[in-house]
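> Starting off with a structure, shown below.
Every read-out reported here was derived from the displayed coordinates using simple, explicitly stated rules and does not represent laboratory data. Values in this document were obtained by computation on a predicted structure and should not be read as measured data. Cβ coordinates were reconstructed from backbone atoms using ideal geometry, including for glycine residues, and neighbour counts include every protein chain displayed.
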Amino acid sequence: MANQQDVIRFDGVEGSGIIDASPGNLNGESASPAGGATLKRLAVSGLFLFDDPSRRARAAAILRRLPPLRGAPVRIQGARGLRDRSGPVHAGSFLRERRIAFDCTRDEFPRIFVHEVAHFVWLRLGNPARWSYERVLRAEFAAGVTGELGWSAEWRKRALSPRARRARSVAWREYCCESFCDTAAWLWSGIRRHAEFTLPAGPRAARARWFARTLGRGPLSI
C-alpha cells in the first residue's frame with residue numbers, strides 16, 4: 001500500500017518519488033541530514049513532535065490556518081546539509097518514518113512546512129479527490145494557463161509534454177502532487193506574496209474553491 005512505502009518528498013527545490021494516483025509510490029529516494037542529526041523530542045504539540053522549541057511556536061501559528069488534522073504523530077527536525085542525489089534541498093518528508101527534516105530559512109519555514117504536511121494529506125486523500133484535482137489542472141492546461149504556486153510544481157509543469165499529460169505518466173502524477181502541495185502552502189502558510197507565486201488570479205481562485213469544496217473544514221488524515 002502507498003502508506004507503507006518509505007518515500008521522501010521535497011519542498012520547492014528538487015525531488016522525486018511522488019505517489020501514484022493509482023495509488024502506489026514510485027521512484028522513491030531518501031535524503032539524510034549531515035552528521036546523522038537525531039530528534040530530541042523537546043516538545044510535543046498535537047500531532048507534531050519538535051526538536052526545536054522555536055519551530056514549535058511557529059508551527060503552532062501556521063497550523064491554526066489549516067483544517068484540523070488527524071493521524072499518528074509526525075516528527076519535525078532540523079537537518080543541516082540535507083541533500084538528495086541532485087543536490088541540496090530545503091526539506092524532506094519521510095512518510096513511512098513519519099518525520100519531516102528541514103534545512104531552510106526562518107522566512108521560508110511557513111511555506112515549506114505546509115507543503116511538506118500536504119504530502120501526508122495527499123497520500124491519504126484517496127483516488128476520487130486526487131483525480132478531481134487532476135481535472136482542475138487539466139482545465140488550466142486546456143485554457144493555456146501558465147505559472148504555478150511554487151517552483152517544485154512549476155519546473156515539472158514546464159517539463160510536461162502533451163503525451164505525458166494524456167497518458168497520466170509518472171511525470172504528470174508527480175506534477176499533480178507537487179501542485180497540490182504548493183497550492184496548500186499558498187492557501188495556508190499565511191504568505192500572500194512570493195516570487196514563486198506565478199499562477200494568475202483566476203486559476204488561483206478556482207483552486208481555492210476546489211480546496212474549500214473538497215477538503216472543507218476537515219479533519220484531514222495525515
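> Apply the Kirkwood formula to the stretch 63-193: the hydrodynamic radius equals the inverse of the mean of 1/r over all pairs of different alpha-carbon atoms; give it in Å with one decimal.
15.7 Å
> Please list the non-local residues whose amide H lies under 5 Å from the amide H of residue 83, H modeled 1.01 Å from N, same-chain partners needing a gap of 5 or more.
Close amide H contacts, sequence-distant or interchain: 32, 89.
> Follow-up. Please compute the Cα-Cα pair-distance distribution of the stretch 126-215 with 5 Å bins starting at 0, giving whole percents from short to long.
All Cα pairs considered, the percentages come to 3, 14, 28, 28, 18, 7, 1, 0.
> Over the stretch 127-217, what is the relative contact order in percent, taking alpha-carbon pairs closer than 8 angstrom and at least six residues apart?
Computed value for the stretch 127-217: 41 percent relative contact order.
> A follow-up question, please. Which ³J(HN,Hα) values, rounded to whole Hz and listed in residue order, are derived for the stretch 62-77 from phi using the Karplus coefficients 6.51, -1.76 and 1.60 in 6.51 cos²θ - 1.76 cosθ + 1.60 with θ = phi - 60°, glycine and proline given as x?
5, 5, 5, 8, 8, x, x, 10, 9, x, 6, x, 10, 7, 10, 9
> Using the beta-carbon distance between residue 143 and residue 65 and R0 = 35 Å, what value does 1/(1 + (r/R0)^6) give for FRET efficiency, to the nearest 0.05?
Given R0 = 35 Å and the Cβ-Cβ separation, E is 0.75.
> While we're looking at this one, here's another question. Multiplying the sequence separation of residue 83 and residue 209 by 0.36 nm and subtracting their Cα-Cα distance, what value in nm do you get?
41.9 nm
> Quick one: which residues, 5+ away or cross-chain, put their amide H under 5 Å from the amide H of residue 221? H built at 1.01 Å from N.
Here 70 satisfy the definition.
> Rounded to whole Å, give me the distance from the Cα center of the stretch 183-220 to that of the stretch 121-165.
14 Å
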